[in-house]
1. Quick one: helix 9-31 against the long Cα principal axis of the chain, what's the angle to the nearest 10°, folded into 0 to 90?
2. Where the Cα atoms of the stretch 121-174 are projected onto their three principal axes, how long is each span, largest first, in whole Å?
3. Cβ under 11 Å from Leu40's Cβ, Leu40 left aside: what net charge do those residues give with Lys, Arg +1 and Asp, Glu -1?
4. Using the alpha-carbon atoms, what tilt in degrees (0 to 90, nearest 10) does helix 152-169 show relative to the longest principal axis of the chain?
5. Using a 1.4 angstrom probe, figure out how much accessible area the chain has per residue, in square angstrom, rounded to the nearest whole.
6. Helix 34-51: angle to the longest alpha-carbon principal axis of the chain, degrees 0 to 90, nearest 10?
7. At q = 0.12 Å⁻¹, what log₁₀ I(q)/I(0) does a Debye calculation on the Cα points of the chain give, no solvent, two decimals?
8. Taking H placed 1.01 Å from N in the peptide plane, check which residues at least 5 places from Val65 or on another chain put their amide H under 5 Å from its amide H.
Amino acid sequence: MDRVQHRDRDAFAVLMARHLDTVHAFNYRMTRNPEDAADLAQETFLRVWNSAATWRPVRPGGTQVKFTTWLHRIARNLCVDAHRRRRETHEVDDNLAGEDGAPEDAPTTARLRRALDEAITDLPERQRTALVLCHRDGMTNRDAAAVLEVSVDALESLLARARRTLRLKLRDYR
């Protein structure tokens, strides 16, 4: 990142190669739309390039900040903005993914997958982000809290509320 801050294009290409798939996957989980995920991934790295000079590995007070935390914060903010724009224009996302399974289970699995995707999409943004970061992207609570700029206790509260809401919405699938 130090080289990227000094406008080294080769270093930026390496950085993108390392993190593009992760950012794209995160964006897809947040938006449930492959085209939006790709566009937002490009925008994320454009922001990294344009904001590289502002990144500091250590905050005032000596707190370490991982590059991946900063990167996910940028991606998250772009996903939130895209979600707000979509809500404002009332677009509907029909790109819900199915899941492979046994032929006899396919309709049930697909319905459950759609219901889960819709329930996650309907969660409040901060709960949705916490859930995606921790349960789908495998981030630690500490790192996810840093992305959301909240305490670990606040993150755990967001996760608990998200899980409770999902249990209620999906109770018919038990």
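The values are calculated or read from the model by the stated rules, or taken from the named source; none is laboratory data. Computed from a prediction, not measured in an experiment: that's the story for all the values here. Here the Cβ is made from the backbone with ideal geometry for all residues, glycine too, and neighbour counts use every protein chain on show. Note: areas computed on protein heavy atoms with side chains; ligands, DNA, RNA excluded. Shrake-Rupley method; radii C 1.70, N 1.55, O 1.52, S 1.80 Å.
1. For 9-31 against the chain, the angle is about 20 degrees.
2. 35, 18, 16
3. On the way: positive: Arg47, Arg76; negative: Glu35, Asp36, Asp39, Glu43, Asp81.
Taking every Cβ under 11 Å from that of Leu40, the sum is -3.
4. So the inclination is approximately 20 degrees.
5. Ligands and nucleic acids excluded, the result is 59 Å² per residue.
6. 20
7. Cα-only, vacuum Debye calculation for the chain: -0.62.
8. Amide H to amide H, under 5 Å and 5 or more residues apart or across chains, Val65 pairs with Val58, Arg59.
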